[in-house]
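Inspection log for the structure reproduced underneath, given as structure tokens.
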Amino acid sequence: MSHSAPRPDRLAIGELAERSGLATSALRYYEELGLIRSERTAGGQRRYARVTLRRLAFVRAAQRVGLSLEEAGAALARLPEDRAPSASEWNAVARTWTRRIDEQIAGLERLKANLTGCIGCGCLSLRKCSLYNPDDAAAEKGPGARYLLGDESATPRRP
């Protein structure tokens, strides 16, 4: 009968990097941002609680749904640091994510509609398009592709 060695409750940064799939530089940056926390050994080496793996998985999931690291940090601040969140704790965060995903879907739908309209006119020019941007009126709204960013365009004119 074989016994596996007990898992240490603290992980060195290299172990955490290997288990999480993140570079050690990313882990140090996340720590700097307050997303994760370490303790220092007498020799000054970082040691992370095993539950840090869960927090890192959370950050990666947050990024996949489009949250910034700042938003992920705000969500993590609402969850316990030393244990898995309860269903009610997680549901409160999930509601925020649902709103964010709905915003992303709406933005992508706007992008899709605007791309279809622009490509459909055949000019492929967002700068001087006579249908959606006559006389480069979008420049008054600021830099970038204003209509693709969600600004309303003037009613298209017929050529």
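The values are calculated or read from the model by the stated rules, or taken from the named source; none is laboratory data. Just so you know, these numbers come straight off a predicted model, no measurement behind them. In this analysis, Cβ positions are derived from the backbone assuming ideal geometry, glycine residues included, and neighbour counts consider all displayed protein chains.
Couple of notes before you dig in:
- Listed conditions (1) in a helix (DSSP H, G or I); (2) at pLDDT 90 or above are all met by residue 11, apart from (1).
- Residue 5 passes every criterion in (1) out of contact with any Lys or Arg (no Cβ under 7 Å at 6 or more places or on another chain); (2) at pLDDT 90 or above apart from (2).
- Residue satisfying all of: in segment 83-102; within 14 Å of residue 58 (Cβ to Cβ) and outside any helix (DSSP H, G or I); modelled with the lowest pLDDT among these: 84
- Scanning segment 17-48 for residues that are touching an Asp or Glu at 6+ places or on another chain (Cβ under 7 Å), outside any strand (DSSP E or B) and without any contact (Cβ under 8 Å) to a residue 40 or more places away in the chain gives a single hit, 38.
- Restricting attention to segment 56-85, the residues that are in contact with a Pro (Cβ under 8 Å, 6 or more places away or on another chain) and loosely packed, with under 12 Cβ neighbours inside 10 Å add up to 0.
- Options 73, 66; residue that is modelled with pLDDT of 85 or more and not charged (D, E, K, R): 73
- Residues located in segment 34-50, provided they are under 26 Å from residue 98 (Cα atoms) and either surrounded by 16 or more Cβ atoms within 10 Å (Cβ to Cβ) or modelled with pLDDT of 95 or more (or both): 35, 36
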